[in-house]
Amino acid sequence: MRILLAGQPNCGKTTLFNRLTGRREHTGNRAGVTVSCARARLRGREEELVDLPGLYSLTGGGPDEQAARRALETEKPDLILNVVDSTALQRSLVLTLQLLALGRPTAVLLNMADEARQRGIAIDRDRLSKMLGVPVFPVSARTGEGLGDVDRLLQAGRISARRPSPSPEELYREAGRIASAVLSGNTGGRPRGADRLLLHPFWGLPVFGLILGLLFLLTFQWVGPWLGRGVEAVVDGVKSSLSETILDTPLVKEGLLGSLGYVLSFLPVITVLSLLLNLLEDVGYLPRAAFLLDGFLRGLGLDGRCAVPLLLGFGCTVPAVMATRTLPEGGKRRRTMALLPFVPCSARLPFLLLLGSVLLPEHPARGALLFYGLSLCLGIAYGALTKGDRGEGGFYLELPPLRMPRWQSVVKETGAHVDHFLRRAGKLLLPAALVLWLSLQVGPNLRPVGPGDESLLAALGRLLLPLLRPLGLTDGRMGVILLSGLGAKETMASAAALLLGEGMTLTVEQTLVLGTVALLLPPCLGTLAAVREEAGRKQLLSLVLRHVLLAWSIGALMHFVLHFLI
């Protein structure tokens, strides 16, 4: 038996899917978290449950909605469980009426029944069931309310005799008539509580700036560095414990533990940033930030819908690229992908903090924030200059309810991000650190080098010098640092820490140029693979060439200007 979970974005489908199957698919308090179909067996049963991406209707929409529609056409389900947001019944019923017209056994699940009660919203379930012609069950995927008897849900599906009008206008009117007949209590739609401040036309933007500033202060200035010092102390203790043992060798202590320890010292900063972003998502603030940024983003040829992928880019660019599936196909989706590399992801944090310590030894976090601001300003300038005439068309933006954070979900998503970082550290950083260290110890003939001899790494850097000199980078090893970030941006921090420890020096001008070029070069291979999957090979090639040329050109221009200023 195959069961499809269908519903509008942010109605709780994936939370319900996880509860019924035991899976741990990503959830969040915003539209567009689920962008592809997920499938699994029900707990201890043979029935297959398929979680579809959210879709507002069976017409129009972006790639995620198209995927959901294709699944409804090709999966041939034995049962459709239509998950409905009880706090937004009228809007949800538009899709319900279209699903009933498919002629498949259907049952309606009034999800978030607990939240509806808290808001004073009452739904006449029996009357709604009679008007739709299918059974209706109040449930709460978050608490498990109404989900104790799974057999009852699976056996209750019926084919509705209703055949709604295909006209969109008549469909909305019909949904309105049904909602009016079954709803009672507090059904007002005006901003309430905190939304009066968060969505205020004047105060909303200052509050957004305050929240963003607090996020960066907690990450870079307060909690992150404090925890980072603790990790450094642990690594130093491990290195000390290896003294006078068989592992007390330069290869282990300097090559492996030295580079890995430096990168791991920034793990707390990455964890704090991921935790705070997941917290804002779970509370429901990210879509509100998108609403507030709509006017600003229109100046870049985008609109408020594009803000959520851009904000997610501060955590990791790969899910940010995937989040563009919620955007309609066309220019705005491609432009969002083109601007995402200008948003510094958390993988670049270790390298930026290292360069920040060169610029401002007493305040490395401020130096890192300088690079953050520089990258964002360049992205804004690029977006404004390439905007063209994009039109001002309107759009529909889902504003989920503000909720208390579900700490279990927030911690789980943060743990997944940390686990991803640690896996990359094991698979990429350790081998990369070992290769870099060995390339400093041997020459081009792969024999150990003595004082004054050229190492393999120095020989490779010498080949890059013709490209680096116009940027003011006079040491070829600086090019090796840039090359090390092609696979994973975290590797640049380990490479830079190793080379700086081997005597490489950076002037203020070189530090600024090196950091800017590193930020503007194409993103990591994981992001490039996601761009290829989402937009095709042509868009991928365009992004790579554009960012290589842009990085080199901006670097050369910065060198020319800074040479006279510093």
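A short reminder: the numbers here are calculations on the coordinates, not readings from a lab. Keep in mind it's a predicted model, so treat the numbers as computed, not measured. Cβ placement follows ideal geometry from the backbone for every residue including glycine, while neighbour counts extend to all protein chains displayed.
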field: Virtual spin-label span in nm between A40 and V238, 7 Å along Cα→Cβ
entry: 3.1 nm
- prompt: When the C-alpha atoms of region 1-102 are aligned to their principal axes, what extent does each axis show, in angstrom, from largest down?
  reply: 35, 29, 25
task: Would you list the P(r) distribution for region 195-242, with all Cα-Cα distances sorted into 10 Å bins from 0 and each bin expressed as a whole %?
output: 24, 26, 21, 14, 10, 5, 0
Cα lying deepest toward the dipole's positive end in region 235-340, options P250, G295, G261, charges on Cβ: G295
- request: Scan around N10 for amide H atoms under 5 Å from its own, H built in the peptide plane at 1.01 Å from N, and keep only partners 5 or more places away or cross-chain.
  value: G32, V33
- request: Show which aspartates and glutamates lie in cross-link reach of K427 when reach means a straight Cα distance below 18 angstrom and same-chain residues fewer than eight apart are skipped.
  value: D419, E490
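Sorted from fewest to most neighbouring beta carbons within 10 Å, what does the list M404, M504 look like?
Details: M404 7, M504 15.
Ranking M404, M504 by Cβ neighbours within 10 Å, fewest first, gives M404, M504.
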- line: Ordering 71-77, 160-166, 365-371 by per-residue average of other C-beta atoms within 10 angstrom, highest first, gives 365-371, 71-77, 160-166
field: Listed residue pairs exceeding 29 Å between alpha carbons, taken from K76/K538; K13/K130; K13/K387; K130/K412
entry: K76/K538; K13/K387; K130/K412
Stretch gain in nm, segment K538-M1, where the contour uses 0.36 nm per residue and the Cα spacing is subtracted: 189.3 nm
field: Per-residue HN-Hα couplings for region 36-50 [Karplus 6.51, -1.76, 1.60; θ = phi - 60°; Hz; x = Gly/Pro]
entry: 8, 6, 10, 9, 6, 7, 5, 3, x, 9, 9, 5, 9, 10, 10
- request: With θ set to phi - 60°, apply the Karplus curve 6.51 cos²θ - 1.76 cosθ + 1.60 along region 293-304 and write out the HN-Hα couplings as whole Hz, x wherever there is a Gly or Pro.
  value: 8, 4, x, 5, 5, 5, x, 9, x, 10, 8, x
message: Please identify the DSSP H helices in the chain that span no less than 20 Å along the helix axis (Cα) and have a mean Kyte-Doolittle hydropathy of 0.5 or more.
response: 267-283, 364-385, 537-565
- prompt: If you rank D195, D236 by fewest surrounding Cβ atoms within 10 Å, what's the result?
  reply: D236, D195
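Let me have the 222 nm mean residue ellipticity of the chain computed from DSSP H runs of 4+ only, each contributing -39500 (n - 2.57), with the sum over all residues rounded to the nearest 500. Intermediate values should be presented prior to the final figure.
On the way: 27 runs with 314 residues, N = 566.
Value at 222 nm, helices only: -17000 deg cm²/dmol.
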task: Please list, in chain and number order, the residues 5+ apart from I121 or on another chain whose amide H is under 5 Å from its amide H, with Hs placed from the backbone.
output: N186
statement: The equivalent-ellipsoid semi-axes of region 345-488, taken as the square roots of five times the Cα gyration tensor eigenvalues and listed largest first in whole Å, are 39, 24, 16
message: Tell me the relative contact order for the chain as a rounded percent, counting alpha carbon contacts under 8 Å between residues six or more apart.
response: 12 percent
query: Using all Cα-Cα distances in the chain, what percent lands in each 10 angstrom bin from 0 up to the longest?
result: 3, 16, 24, 23, 16, 10, 6, 2, 0
Nonlocal amide H pairs with T106, under 5 Å, H built at 1.01 Å: I80, R158, I159, S160
